[in-house]
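The values are calculated or read from the model by the stated rules, or taken from the named source; none is laboratory data. Only a predicted model underlies this, so the values are computations on that prediction, with no experimental measurement involved. Note: ideal-geometry Cβ built from the backbone for every residue, glycine included; neighbour counts use all protein chains shown.
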Amino acid sequence: MEDRSEEAGRRFAELVRVMTRLRAPGGCPWDRKQTFETIKSYLLEEAYEVMDAIDLEDWPGLRAELGDLLLQPVFFAEMAREQGFFDIADSLQAINEKLVRRHPHVFADAKAETAEDVKVHWNAIKEQEKAEAAASRSRRSSLDDVPRSLPALMEAEKISKKAADFGFEWPEIDGVIAKLREEVAELAEARQTGDNSHVRHEIGDLLFTLVNIARFLKVDPEQALRETNGRFRRRFAFVEREAGPEASLDQMEELWQRAKQLELT
């Protein structure tokens, strides 16, 4: 029987060949037209579809979505190869070397008995790598390590954690809660001005503070919001099914509360 890694390698190589053919002269006009800028939005879209399949425990769907997600790095790497930057083999080599380097308890003689031990090793090696990389390039801030293209909630979480690691941090969560109240008051003041840019500014500050609260409580804000979105979808679908065309807001609110109770039973 063929080893699973050999089969995976063969099928991955086939994907690379298919992508090369699509981009080659005489290939697909749409694929040939794409650039890094036009394709990058698909990467995020496919990643969210993978997350959605996981949330739904849709395993056949996850199998298909993972294939769609795998296509994206192959697509990017093919465009990079065409311009002489690197190819997908270089990317595979980079991740393989990183995994071996960051798991010395598996591939070398370091000791790690628990998941927390592994995390300590990983972070120490990661910081060493960053220090070496920083020494070879100019960098204005440690926040430069956080990609600006991340989803805003994720970016906020990562840059607030960087700031906290530097020592720019509330000593306890009560300070963050007080900051939340302050931001709510500032939003109320901004509304009185009628200045939409001021309102947008204060809403951003309010969201950033909520992300910090989530970080203090060790909650992933992106996942928390996704779960809330899921609850809203289910409850609103119930309201839509049960409410008549002339239903009042009070009647819809009553149906909403019934939907909440049904989820608890």
Where the second residue is surrounded by fewer than 13 Cβ atoms within 10 Å (Cβ to Cβ) and of a type outside the set (A, V, I, L, M, F, W, C) and the first is assigned to a helix (DSSP H, G or I) and lies in the range 115-132, which pairs have Cβ atoms under 9 Å and are six or more apart or on separate chains? 117/111
Restricting to the range 161-192, name every residue that is at pLDDT below 95 and small (Gly, Ala, Ser). 163, 164, 167
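Any residue that is closer than 24 Å to residue 169 by Cα and in a helix (DSSP H, G or I) - is there at least one of those in the range 224-240? Working first, answer last.
Our first condition is that a residue be closer than 24 Å to residue 169 by Cα; within the range 224-240, this holds for 224-225.
Restricting the remaining residues to those that are in a helix (DSSP H, G or I) gives 224-225.
There is at least one residue in the range 224-240 that is closer than 24 Å to residue 169 by Cα and in a helix (DSSP H, G or I).
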Does residue 153 qualify as being assigned to a helix (DSSP H, G or I) and either in the same structural domain as residue 41 (by TED's automatic domain parsing) or more than 30 Å from residue 233 (Cα to Cα) (or both)? no
Which one is surrounded by the fewest Cβ atoms within 10 Å (Cβ to Cβ), of the residues in the range 53-84 that are in contact (Cβ under 8 Å) with a residue 12 or more places away in the chain and over 22 Å from residue 19 (Cα atoms)? 55
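When only residues in the range 11-30 that are farther than 18 Å from residue 91 by Cβ and of a type outside the set (A, V, I, L, M, F, W, C) count, which is surrounded by the fewest Cβ atoms within 10 Å (Cβ to Cβ)? Reasoning before the result, please.
We begin by selecting, within the range 11-30, every residue farther than 18 Å from residue 91 by Cβ; these are 21-22, 24-30.
Add one more test, that the residue is of a type outside the set (A, V, I, L, M, F, W, C), and what stays is 21, 25-27, 29.
Values: 21: 12, 25: 5, 26: 7, 27: 14, 29: 8.
The qualifying residue surrounded by the fewest Cβ atoms within 10 Å (Cβ to Cβ) is 25.
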Can you tell me which residue in the range 66-112 is nearest to residue 30 (Cα to Cα), limited to those that are assigned by TED's automatic domain parsing to the domain that holds residue 49 and among the aromatic types (Phe, Trp, Tyr)? 75
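Could you tell me whether the range 31-51 includes any residue that is on the phi > 0 side of the Ramachandran plot, out of contact with any Lys or Arg (no Cβ under 7 Å at 6 or more places or on another chain) and either surrounded by fewer than 13 Cβ atoms within 10 Å (Cβ to Cβ) or not assigned by TED's automatic domain parsing to the domain that holds residue 230 (or both)? Steps first, please.
Of all residues in the range 31-51, those on the phi > 0 side of the Ramachandran plot come to none.
Within the range 31-51 (the criterion being on the phi > 0 side of the Ramachandran plot, out of contact with any Lys or Arg (no Cβ under 7 Å at 6 or more places or on another chain) and either surrounded by fewer than 13 Cβ atoms within 10 Å (Cβ to Cβ) or not assigned by TED's automatic domain parsing to the domain that holds residue 230 (or both)), the answer is no, since none of the residues qualifies.
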